[in-house]
1. Here are some residues: Y56, Y46. Which one is within 24 Å of P17 (Cβ to Cβ), of a type outside the set (A, V, I, L, M, F, W, C) and assigned to a helix (DSSP H, G or I)?
2. G73 passes all but one of (1) on the phi > 0 side of the Ramachandran plot; (2) surrounded by 14 or more Cβ atoms within 10 Å (Cβ to Cβ); which number fails?
3. Would you confirm, using the coordinates I've provided, whether V38 is at pLDDT 95 or above, β-branched (V, I, T), farther than 18 Å from P23 by Cβ and in contact with a Leu (Cβ under 9 Å, 6 or more places away or on another chain)?
4. If I ask for residues that are within 11 Å of the chain's Cα centre (by Cα), part of a strand (DSSP E or B) and either farther than 15 Å from G35 by Cα or of a type in the set (K, R) (or both), which ones from the stretch 80-97 would you list?
5. Criterion first (aromatic (F, W, Y) and either over 18 Å from K102 (Cβ atoms) or at pLDDT 95 or above (or both)) does Y56 satisfy it?
6. Out of the residues in the stretch 17-49 that are surrounded by fewer than 17 Cβ atoms within 10 Å (Cβ to Cβ) and within 12 Å of the chain's Cα centre (by Cα), state the one that is nearest to C79 (Cα to Cα).
7. What number of residues within the stretch 78-102 satisfy the criterion of being free of Cβ contacts under 8 Å to residues at least 24 places away in the same chain and surrounded by 14 or more Cβ atoms within 10 Å (Cβ to Cβ)?
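The values are calculated or read from the model by the stated rules, or taken from the named source; none is laboratory data. Here the structure is a predicted model, which is why all the values come from computation and not from measurement. All Cβ positions, even for glycine, are placed from backbone atoms using ideal geometry, and neighbour counts span all protein chains on display.
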Amino acid sequence: MEAKNKSVMVECVRFDPKKDDKPQTKKYEVPFVKGSSVLDALTYIYEEIDPSLGFYASCRRGCCGRCNVKVNGKARLACIEEVKGDVKLEPARADHVIRDLKVEGI
């Protein structure tokens, strides 16, 4: 992702049930690039800011459904959902969290 002096805030729910008592949120500033997907933003966070962030990135074509997350409260596929501004990302199923945005059964 290349920055053009504009960025978006990506707020991610972070939770590891093996270590944490409750979920918390963490905000990341990510360069805004028109046409970038939520998965592109997550990949940027993982590669450039925080390699501990847990999320799925499988087919990258909207076929497998593994990257399903809640984007601003609505279930979406991260690989095809475009980032148009600040976003809040949550696990698709809060009752089945493996770690952060990774959940069982998807």
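1. Every option except Y46 fails the conditions.
2. Going through (1) on the phi > 0 side of the Ramachandran plot; (2) surrounded by 14 or more Cβ atoms within 10 Å (Cβ to Cβ) one by one, G73 breaks only (2).
3. On the way: at pLDDT 95 or above: yes; β-branched (V, I, T): yes; farther than 18 Å from P23 by Cβ: yes; in contact with a Leu (Cβ under 9 Å, 6 or more places away or on another chain): yes.
In short, yes.
4. Passing the criteria: K88, L89, E90, P91.
5. Here the answer is no, as Y56 does not meet what is asked.
6. The qualifying residue nearest to C79 (Cα to Cα) is Y46.
7. Qualifying residue count, the stretch 78-102: 1.
Residue-by-condition table, conditions (1) part of a loop (DSSP other than H, G, I, E, B); (2) within 24 Å of G105 (Cα to Cα); (3) modelled with pLDDT under 95; (4) of a type in the set (A, V, I, L, M, F, W, C):
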position: A3; (1), (2), (3), (4): yes, no, yes, yes
position: C63; (1), (2), (3), (4): yes, yes, yes, yes
position: R66; (1), (2), (3), (4): yes, yes, yes, no
position: V69; (1), (2), (3), (4): no, yes, no, yes
